[in-house]
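One structure is given here, and the rest of the page talks about it.
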Amino acid sequence: MSDIIDIQTSDERAEGLKAWGWVSYVLHLIVAVGAVLPSAQPSVALLLIALVIDLVKRSDAQGTWQASHFSWRIRTVLWAGVLYVVTAPLWLLLFLPGWIAWCVISIWFLYRIVRGMVAMNQSRAIDA
């Protein structure tokens, strides 16, 4: 009987983690699409909410295939943030190089989110 309860608890935990993962991916996707489309910038608050979800739930996912997704999203946001900050002076010097850099970063961000969503949909870990 205990084994059945453990399996149900494990399944519920896995489904709960997957649900939180989808919430985070959708929030990231909204931000990523908004970053690529001109004049469709969603609030940075959505990105921060998704990042907090990932930071809080990452420890719950330890030892599961979903752990890689939480780390994947956190690394994606942190790298994108660093890249945006590093390339920000290009906007001050010349408009075009800054715009090109931010477009490339935004497309990279969108690619990483979509790649993660595809892996999540297949219920598999994401490669680092």
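Every number in this text was worked out from the coordinates using simple rules, so none of it is lab data. Remember, predicted model here, so these are calculated numbers, not experimental data. With ideal geometry, Cβ positions are generated from the backbone for all residues, glycine too; neighbour counts draw on all protein chains shown.
What is the chain's relative contact order, in percent, from Cα pairs under 8 angstrom and six or more apart in sequence?
Numbers: 116 pairs, mean separation 36.9, N = 128.
After rounding, I find 29 percent.
How high is the FRET efficiency between VAL118 and LEU93 when r is their beta carbon distance and R₀ equals 41 Å, given to the nearest 0.05?
Numbers: r = 37 Å, r/R0 = 0.91.
FRET efficiency, VAL118 to LEU93: 0.65.
Provide the per-residue ³J(HN,Hα) series for the range 53-70, in order, calculated from phi with Karplus coefficients 6.51, -1.76, 1.60 and θ = phi - 60°, each as a whole number of Hz, with x at glycine and proline positions.
4, 5, 5, 6, 8, 4, 5, 5, 8, 3, x, 10, 5, 6, 4, 5, 5, 5
Rounded to the nearest Å, what's the spacing between the alpha carbon centres of the range 21-83 and the range 89-128? Just the number, please.
Rounded to whole Å, the Cα centres lie 12 Å apart.
Calculated from DSSP H runs of 4 or more alone, at -39500 (n - 2.57) each and per residue, what is the 222 nm mean residue ellipticity of the chain, nearest 500? Before the final figure, lay out each step's value.
Values: 4 runs with 103 residues, N = 128.
When only DSSP H runs of four or more count, the value is -28500 deg cm²/dmol.
What number in nm² do you get for the chain if you take the convex hull of its Cα atoms and divide its surface by four?
On the way: hull surface 33.0 nm².
Averaged projected hull area, Cα only: 8.3 nm².
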